[in-house]
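J.: I am attaching a structure below and will ask some questions about it afterwards.
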Number of protein chains: 2
Amino acid sequence: MRTYINNINNLEDGSIIEIDGWVQEIRKIKKLLFLIVRDNTGSVQVTVKDNMVKNYDSIYNISRESVIKVSGKLNKKSISKSGVEILANEIIILNTAETPLPMGVIDLVDVDFDTRLNNRFIDLRKPENLIIFKFESELLFGIREYMNKNNFIEVHTPKIVAAATEGGADLFPVQYFEKRAYLNQSPQLYKEILMSSGFDRVFEVGPAFRAEKENTVRHLNEFTSIDIEMSFSDDETVMRMLENAIAYSVNRADSILGKELKGLGYSIEEVRPPFPRIEYSELINYLNDNGFKLNFGDDFSPEAMKFVSKKYNGFYFITKWPKDLRPFYTMPDDTNRNVTRSFDLQLRDIEVCSGAQRIHDYNMLENSFNEKGLNKNNFEFYIKAFKYGMPPHAGWGLGLERLVMNLLNLSNVRESTLFPRDRSRLSP
Amino acid sequence: MRTYINNINNLEDGSIIEIDGWVQEIRKIKKLLFLIVRDNTGSVQVTVKDNMVKNYDSIYNISRESVIKVSGKLNKKSISKSGVEILANEIIILNTAETPLPMGVIDLVDVDFDTRLNNRFIDLRKPENLIIFKFESELLFGIREYMNKNNFIEVHTPKIVAAATEGGADLFPVQYFEKRAYLNQSPQLYKEILMSSGFDRVFEVGPAFRAEKENTVRHLNEFTSIDIEMSFSDDETVMRMLENAIAYSVNRADSILGKELKGLGYSIEEVRPPFPRIEYSELINYLNDNGFKLNFGDDFSPEAMKFVSKKYNGFYFITKWPKDLRPFYTMPDDTNRNVTRSFDLQLRDIEVCSGAQRIHDYNMLENSFNEKGLNKNNFEFYIKAFKYGMPPHAGWGLGLERLVMNLLNLSNVRESTLFPRDRSRLSP
């Protein structure tokens, strides 16, 4: 039976164990061979003596990153750095790595990001990279657990669509048999249709596609969107749902992986809701009081947000955005029709989530199409659902990779994306 | 505070409660008005008397499927059919439905499937349709829980790709800026790359796209694929993982939703692993003994599978498929190179999952490309991962909608798909 390396410490000295993994380092002292073997949970020294394994000569000449199966005796009083070693009885070579490697796994040589991404299969072997995706997986599991407990139905809506969600720009065209179609920018319109269907609460985790030409450290052309929509609800209710889901899932993931994260140089702060809520116009005033020159209706520059994040250095909401800065389906504020019942969730200077109360009245929606210069005929499949019993509803969309990037203080969203798609990258 | 309708029975007679929902039925006996109000959990009678609500006249003229909020007193000794009613004190009309409805929610009139799908937002209001997606959601949650407990990392691999997973056919082309790209047919190649990265165990739930022209009750051009891949593992190990995941998740979903499912005419049988394993060649012989005329290498016709399902009427595996019927990455059998270490999981006569031990040796993979007439240069990003330390691995891909279709005995896979995409349908 295979033992994962992080379980070795729980076993008794002298146990006969079997591990599977990659040969990370090789040291030779005369005829004594020391291999550092790595699996997804850690690494351990394997000591190989001439007379102990049949195929000693092949093992002696093994290349780094080859895959082996080791059987041997656990020595917990080893003089090795970690105090633990496996004295090999049998080593099976499962696959031999060619030399030289296109890049190293443990070498400290700096490799540029393009080389890393071109050789992502090796780059991801680095424990400090693998842990990002363990964290992402646990984080998402926590979010799902929270949503499931709160009676959200997980749904899957189509990614090949006939119309643009947010207007005609930034769409990737698809040839769908004889028809022209697009990759969906967001599940927004489908989530809303499901509110009309009485699904009450839905959430979806799936790819979203944006043909934006911007190629920054924060942009991906394909990303994982976590979306919820909730009936008989409003902006404030879904903001609470959001902050509680994030607190639950981040704290849960940290309780599972915190030690491993810390060992690899990451630290997660405890998340404590409620998050501060700041109105857009307050923030404009605050920035203008501090030397910025902003008008109502302007978006915030990265510099402005850097400044704001000195005051708010955790999660916070920016609420009541101007109508012109929000999509057509956003509900205007009851008292001031120039602003909307919308919000962004920020982590320090970066937006990670966008949401709002939505318009549920058919006529108001029709006007909003007109105001935004959109042709409602392209949205027939969507607006029909508003004519025959659409309840009030609200929701949000959260970018998974961006959230992870910011929680772990990564410098590029590509670090929290297995195989990023950007302006110039379509492979691997 | 809102009460969901299925919770009403837990409240005391005489409680003042508030419900939100759709006006499903309207009966009028002189000035007495009886509304059946539906939410996502059930329906209840609301009794409206002339002198009890301010806006009695508007309520009296309300249209079916309008959305309302009702406050009133719970009467558990009602003479209504269910014995329960709400005596309305206040009714707020949240949204009025236009008349006539494009199709009814509770009318027993038969509506053809196209009309249903064209008006899917209403079609999904039927409790017997909504429950399919509640079941799908709980089923998937159970599978994820099982995978999470077994240390699988949930991953998201790109859907826009530069190369075909399974050869050049059946691909939807995408215009990716200046480049030609495709929608991914399966996460297969990416899952395998992650094995080379030492992720050890991954699973993914995401859309998969097949430009197949077949337009049957079992085919979708976009479906939800549940995929796993597992290192240092083999076909038998991942078959056990599959049967246990299915048993856990089906039985869990049934324990949560069984009563509701039964009330709506669905019944789920308890799933008990291990599932029978039948070799492909055994099945060929069995069919030939029973009047079919099949040669080694033939695929099974729907008629043949109907016949087989008389003998095997639950889940069963068909193993050791001929090489010619499986994709290039499938591991040949150790003893008979014409068959592979592959399997299909069947539920009665329908295939729901396909899997195998994969090739992990670079030279064997290169030969397999040649044998299948594929150009390995198109797969550079993939085969590179086999050169520098690829462990043995195995995995499978499971179609979510097909599994649900068969578990619930639905006659068409579109019934278990919210917004199906097929040869002719791209909307809603």
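J.: In segment B:159-170, which residues are within 19 Å of A:SER416 (Cβ to Cβ) and in a loop (DSSP other than H, G, I, E, B)?
T.: Once the filter is applied, which keeps residues that are within 19 Å of A:SER416 (Cβ to Cβ) and in a loop (DSSP other than H, G, I, E, B), segment B:159-170 yields only B:LYS159.
J.: Right, here's the next one. So for segment A:357-374 (the condition being surrounded by 16 or more Cβ atoms within 10 Å (Cβ to Cβ), in contact with an Asp or Glu (Cβ under 7 Å, 6 or more places away or on another chain) and either on the phi > 0 side of the Ramachandran plot or not basic (Lys, Arg) (or both)), does at least one residue qualify?
T.: Yes: one or more hits.
J.: Now, a different point. Got a sec? Which of A:GLY373, A:GLY389, A:GLY395, A:GLY355 is small (Gly, Ala, Ser), assigned by TED's automatic domain parsing to the domain that holds A:THR216 and at pLDDT below 95?
T.: A:GLY373
J.: Still on this model: Can you run down the residue pairs with Cβ atoms below 6 Å, 6 or more apart or on separate chains, where the first is in segment A:185-200 and of a type in the set (Phe, Trp, Tyr) and the partner is assigned to a loop (DSSP other than H, G, I, E, B) and open to solvent by less than 10 Å² (accessible area, probe 1.4 Å)?
T.: Sorted first by the residue in segment A:185-200, then by its partner, the pairs are A:TYR190/A:THR157.
J.: Please count how many residues of segment B:135-170 are over 13 Å from A:SER427 (Cα atoms) and facing chain A (nearest Cβ under 7 Å).
T.: Qualifying residue count, segment B:135-170: 9.
J.: Next up: Given the conditions (1) free of Cβ contacts under 8 Å to residues at least 60 places away in the same chain; (2) more than 9 Å from chain B (Cβ to nearest Cβ); (3) under 19 Å from A:ARG421 (Cβ atoms), and given that A:ILE132 satisfies all but one, which numbered condition is not satisfied?
T.: (1)
J.: Only one of (1) assigned to a helix (DSSP H, G or I); (2) buried (at least 20 other Cβ atoms within 10 Å of the Cβ); (3) touching a residue at least 40 places away in the same chain (Cβ under 8 Å) fails for B:TYR248. Which number is that?
T.: Exception for B:TYR248: condition (2).
J.: Could you tell me which of the residues A:MET241, A:MET305 is of a type in the set (A, V, I, L, M), within 14 Å of A:PHE343 (Cα to Cα), at pLDDT 95 or above and surrounded by 14 or more Cβ atoms within 10 Å (Cβ to Cβ)?
T.: Exactly one of A:MET241, A:MET305 is of a type in the set (A, V, I, L, M), within 14 Å of A:PHE343 (Cα to Cα), at pLDDT 95 or above and surrounded by 14 or more Cβ atoms within 10 Å (Cβ to Cβ), namely A:MET241.
J.: Taking the stated definitions as given, is A:THR335 surrounded by 22 or more Cβ atoms within 10 Å (Cβ to Cβ) and either assigned by TED's automatic domain parsing to the domain that holds A:THR216 or under 21 Å from the mean Cα position of the chain (by Cα) (or both)?
T.: It is false that A:THR335 is surrounded by 22 or more Cβ atoms within 10 Å (Cβ to Cβ) and either assigned by TED's automatic domain parsing to the domain that holds A:THR216 or under 21 Å from the mean Cα position of the chain (by Cα) (or both).
J.: Still on this model: Residue under question is A:PRO187, and the condition is that it be in the same structural domain as A:SER411 (by TED's automatic domain parsing), open to solvent by 10 Å² or more (accessible area, probe 1.4 Å) and either at pLDDT below 95 or within 19 Å of the chain's Cα centre (by Cα) (or both); does it hold?
T.: No: the conditions fail for A:PRO187.
Yes/no matrix, rows are residues, columns are (1) closer than 28 Å to A:ASN221 by Cβ; (2) buried (at least 22 other Cβ atoms within 10 Å of the Cβ); (3) facing another protein chain (nearest Cβ under 8 Å):
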{"position": "A:PHE381", "(1), (2), (3)": "yes, no, yes"}
{"position": "A:TYR388", "(1), (2), (3)": "no, yes, yes"}
{"position": "A:LEU400", "(1), (2), (3)": "yes, no, yes"}
{"position": "A:VAL404", "(1), (2), (3)": "yes, yes, no"}
{"position": "A:ASN409", "(1), (2), (3)": "yes, no, no"}
{"position": "A:VAL413", "(1), (2), (3)": "yes, yes, no"}
{"position": "A:ASP422", "(1), (2), (3)": "yes, no, no"}
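J.: A further question follows. Quick one: how many residues across segment B:213-229 are over 19 Å from the mean Cα position of the chain (by Cα) and either within 11 Å of another protein chain (Cβ to nearest Cβ) or open to solvent by 10 Å² or more (accessible area, probe 1.4 Å) (or both)?
T.: Selection size over segment B:213-229: 2.
J.: Also: What number of residues in segment B:12-25 are within 35 Å of the chain's Cα centre (by Cα) and open to solvent by 10 Å² or more (accessible area, probe 1.4 Å)?
T.: Number satisfying all stated conditions: 3.
J.: Follow-up. Testing B:HIS156 on (1) modelled with pLDDT under 95; (2) assigned to a loop (DSSP other than H, G, I, E, B); (3) open to solvent by 10 Å² or more (accessible area, probe 1.4 Å), one condition comes back false. Which one is that?
T.: (1)
J.: So A:SER342 fits all but one of (1) modelled with pLDDT of 95 or more; (2) more than 14 Å from chain B (Cβ to nearest Cβ); (3) within 22 Å of the chain's Cα centre (by Cα); what number is the exception?
T.: Just one mismatch for A:SER342, condition (3).
J.: Continuing with this model, one more query. A:GLU145: closer than 30 Å to A:GLU229 by Cα and either surrounded by 22 or more Cβ atoms within 10 Å (Cβ to Cβ) or small (Gly, Ala, Ser) (or both), yes or no?
T.: no
J.: Only one residue in B:TYR248, B:TYR190 is out of contact with any strand residue (DSSP E or B) (no Cβ under 9 Å at 6 or more places or on another chain) and of a type in the set (Phe, Trp, Tyr), so which one is that?
T.: Every option except B:TYR248 fails the conditions.
J.: Let me ask you something else. Sort through A:LEU140, A:LEU171 and tell me the only one that's at pLDDT below 95 and assigned by TED's automatic domain parsing to the domain that holds A:ASP254.
T.: Checking each option against the conditions leaves just A:LEU171.
J.: Something else about it: Which of the residues spanning segment B:270-285 are open to solvent by less than 30 Å² (accessible area, probe 1.4 Å) and either more than 24 Å from B:ARG240 (Cβ to Cβ) or without any contact (Cβ under 8 Å) to a residue 40 or more places away in the chain (or both)?
T.: B:LEU283, B:ILE284
J.: Now for a separate question. Scan segment B:171-184 for residues that are open to solvent by 10 Å² or more (accessible area, probe 1.4 Å), assigned to a strand (DSSP E or B) and at the interface with chain A (Cβ under 7 Å from one of its Cβ atoms) and jot them down.
T.: The answer is B:PRO173, B:GLN175, B:LYS179.
J.: So which residues in segment B:186-200 are out of contact with any Lys or Arg (no Cβ under 6 Å at 6 or more places or on another chain) and either in a loop (DSSP other than H, G, I, E, B) or facing another protein chain (nearest Cβ under 8 Å) (or both), if there are any at all?
T.: The answer is B:SER186, B:PRO187, B:TYR190, B:ILE193, B:LEU194, B:SER196, B:PHE199, B:ASP200.
J.: Evaluate the following for B:ASN151: is it on the phi > 0 side of the Ramachandran plot, of a type in the set (S, T, N, Q) and in a loop (DSSP other than H, G, I, E, B)?
T.: Taking the combined requirement at face value, the residue satisfies it.
J.: Another one. Out of (1) open to solvent by less than 10 Å² (accessible area, probe 1.4 Å); (2) in contact with a Lys or Arg (Cβ under 9 Å, 6 or more places away or on another chain), the odd one out for A:PRO322 is which?
T.: Going through (1) open to solvent by less than 10 Å² (accessible area, probe 1.4 Å); (2) in contact with a Lys or Arg (Cβ under 9 Å, 6 or more places away or on another chain) one by one, A:PRO322 breaks only (2).
J.: Conditions: (1) open to solvent by 30 Å² or more (accessible area, probe 1.4 Å); (2) in contact with a Cys (Cβ under 9 Å, 6 or more places away or on another chain). B:ASN288 meets all but one. Number of the miss?
T.: (2)
J.: Then there is this: Scan segment B:39-46 and give yes if some residue there is over 27 Å from A:ASP234 (Cα atoms), touching a helix residue (DSSP H, G or I) at 6+ places or on another chain (Cβ under 9 Å), touching a residue at least 60 places away in the same chain (Cβ under 8 Å) and not assigned by TED's automatic domain parsing to the domain that holds B:GLU260, otherwise no.
T.: Taking every residue of segment B:39-46 in turn, none turns out to be over 27 Å from A:ASP234 (Cα atoms), touching a helix residue (DSSP H, G or I) at 6+ places or on another chain (Cβ under 9 Å), touching a residue at least 60 places away in the same chain (Cβ under 8 Å) and not assigned by TED's automatic domain parsing to the domain that holds B:GLU260.
J.: Failed condition for B:GLY265, given (1) touching a residue at least 60 places away in the same chain (Cβ under 8 Å); (2) under 15 Å from B:ASP349 (Cα atoms), with all others met?
T.: It fails just one condition, (2).
The values are calculated or read from the model by the stated rules, or taken from the named source; none is laboratory data. What you see is a predicted model; the values in this text were computed from it and never measured. Cβ: placed from backbone, ideal geometry, glycine included. Neighbour counts: every protein chain shown. SASA here: full protein model, heavy atoms, side chains in, ligands and nucleic acids out. Shrake-Rupley method; radii C 1.70, N 1.55, O 1.52, S 1.80 Å.
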